[in-house]
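Remarks on the structure that follows.
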Amino acid sequence: MINMLLFALLFVSCYLIVNRLVITFKSDKYKKRTSLIVPTKEYSFRELFSKFNFLKAKDDFLSKQGYPLNLNVISYYTIKILLALILFFAGSVNYHSIFIAIVLSVLGYVFIDIYILINKKSRDNEICADLLNVVDSMSLQLSAEVTLKDSLRRQFENCRNKDFKKAILEFSMQYELSELNINESLNELKNKFDILELNMFCNSLKQFNKVGNIIEILDNLSNILKVKYLEKIKEATRTKVIYITLGVIIALGNIIMLTFYPLFISVGQGFSTIFN
């Protein structure tokens, strides 16, 4: 009985000692990781960007586009190079031609850029539509003697684009927390995007501290945004009409080919019979 008790006591003691050592080890590992590894990585990336200006410029560009496909500057160039190499080897193996392999590798290298440009155009259109809603809402609220702080507080609800909604929410919060220092908040908002209409919006709000009443400025901006919005709708409509026209032409061509193909075959066979 005494031996059993001693064994149980020894087992419990060993368990407590091992558990304490494990907790201490995990705690030390977490402290080292948070205090050394993370800052070192951030510092190394910043040092890398500061040494190579093209990396910093590309990272700023991707940041203003909302990091499409979750690509940062490292993964961006990695994927571009991998696509170029894969298509180069595929072209050289399948077609046995260096020229075709080079053409395919160039297409693979610029494929991501083409996607980003298309995505940028679509994203900019979404943000401009949201911006028009924000400007109209602010103009109405300021006309009703609502303060600028209260007007900005709920403007994110008028936005559908998630990046712009987040940016407007952060802008309004920073505006309140910075003791209504709108210039600093607007500068940060401008740096998050590369859109002319948004720069016009920020420049309009900067006049608030100078003139106090910016309703007329917002109305003028709203008219400009509406004109550009209608132009984009017309452009999209023309593009759709062109696609529909091409589709109809292709469909009619297929119908004509299906209709006259048997006739051509029979006429050809008739001539072949006559001359033979």
- Can you tell me which residues in region 48-71 are modelled with pLDDT of 85 or more and open to solvent by 70 Å² or more (accessible area, probe 1.4 Å)? Tyr67, Leu69, Asn70
- Can you find a residue in region 163-171 that is over 16 Å from Arg123 (Cα atoms), out of contact with any helix residue (DSSP H, G or I) (no Cβ under 8 Å at 6 or more places or on another chain), in a helix (DSSP H, G or I) and among the aliphatic types (A, V, I, L, M)? no
- Filter region 112-156 down to residues that are open to solvent by 60 Å² or more (accessible area, probe 1.4 Å) and not in a helix (DSSP H, G or I), then give me how many there are. 4
- Item | Tabulated pairs, region 154-170, first modelled with pLDDT of 90 or more and basic (Lys, Arg), second in a loop (DSSP other than H, G, I, E, B) and open to solvent by less than 60 Å² (accessible area, probe 1.4 Å), C-beta under 9 angstrom, 6+ apart or interchain | Lys162/Gly66; Lys165/Cys159; Lys166/Cys159
- Message: Based on this model, can you work out whether Asn181 counts as touching a residue at least 24 places away in the same chain (Cβ under 8 Å) and either surrounded by fewer than 18 Cβ atoms within 10 Å (Cβ to Cβ) or in contact with a helix residue (DSSP H, G or I) (Cβ under 9 Å, 6 or more places away or on another chain) (or both)?
- Response: no
- Message: Consider region 114-140. How many of its residues are without any contact (Cβ under 8 Å) to a residue 12 or more places away in the chain and under 26 Å from the mean Cα position of the chain (by Cα)?
- Response: 5
- Item | Conditions (1) open to solvent by 10 Å² or more (accessible area, probe 1.4 Å); (2) assigned to a helix (DSSP H, G or I): number failed by Leu186 | (1)
- Message: Give me the residue from region 163-178 that is open to solvent by 50 Å² or more (accessible area, probe 1.4 Å) and farther than 22 Å from Leu225 by Cα and, out of that set, nearest to the chain's Cα centre (by Cα).
- Response: Glu170
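Considering only region 196-217, I want to know if a residue exists there that is within 30 Å of Ser151 (Cα to Cα), of a type in the set (Lys, Arg), more than 28 Å from the chain's Cα centre (by Cα) and part of a helix (DSSP H, G or I).
So the first thing to find is which residues in region 196-217 are within 30 Å of Ser151 (Cα to Cα), and the list is 196-217.
Subsequent filtering for residues that are of a type in the set (Lys, Arg) retains 206, 210.
Among the residues that remain, those that are also more than 28 Å from the chain's Cα centre (by Cα) are: 210.
Narrowing the set further to residues that are part of a helix (DSSP H, G or I) leaves 210.
Looking for residues that are within 30 Å of Ser151 (Cα to Cα), of a type in the set (Lys, Arg), more than 28 Å from the chain's Cα centre (by Cα) and part of a helix (DSSP H, G or I), one finds at least one in region 196-217, hence yes.
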- Unmet criterion (only one of (1) in contact (Cβ under 8 Å) with a residue 40 or more places away in the chain; (2) within 27 Å of Asn119 (Cβ to Cβ); (3) buried (at least 18 other Cβ atoms within 10 Å of the Cβ); (4) not hydroxyl-bearing (Ser, Thr, Tyr)) for Lys232: (3)
- Note on the structure: Of the conditions (1) within 22 Å of Ser137 (Cα to Cα); (2) among the β-branched types (Val, Ile, Thr); (3) free of Cβ contacts under 8 Å to residues at least 60 places away in the same chain, the single one that Ile244 does not satisfy is (1)
- Scanning region 87-109 residue by residue, those open to solvent by less than 50 Å² (accessible area, probe 1.4 Å), more than 22 Å from Tyr77 (Cβ to Cβ) and in contact with a helix residue (DSSP H, G or I) (Cβ under 6 Å, 6 or more places away or on another chain) turn out to be Ser92
- Query: Can you spot a residue in region 96-111 that is at pLDDT below 90 and outside any helix (DSSP H, G or I)?
  - Reply: yes
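Rundown of residues vs (1) within 25 Å of Cys128 (Cα to Cα); (2) outside any helix (DSSP H, G or I); (3) not hydrophobic (A, V, I, L, M, F, W, C), yes/no style:
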{"site": "Val227", "(1), (2), (3)": "yes, no, no"}
{"site": "Lys232", "(1), (2), (3)": "yes, no, yes"}
{"site": "Ala236", "(1), (2), (3)": "yes, no, no"}
{"site": "Lys240", "(1), (2), (3)": "yes, no, yes"}
{"site": "Ile244", "(1), (2), (3)": "no, no, no"}
{"site": "Gly247", "(1), (2), (3)": "no, no, yes"}
{"site": "Ile250", "(1), (2), (3)": "no, no, no"}
{"site": "Asn254", "(1), (2), (3)": "no, no, yes"}
{"site": "Val267", "(1), (2), (3)": "no, no, no"}
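The values are calculated or read from the model by the stated rules, or taken from the named source; none is laboratory data. This structure is a prediction, so every number in the text was calculated from the model and none was measured. All Cβ positions, glycine included, derive from the backbone under ideal geometry; neighbour counts span all protein chains shown. Calculation scope for accessible area: heavy atoms of the full protein, side chains included, ligands and nucleic acids excluded. Shrake-Rupley method; radii C 1.70, N 1.55, O 1.52, S 1.80 Å.
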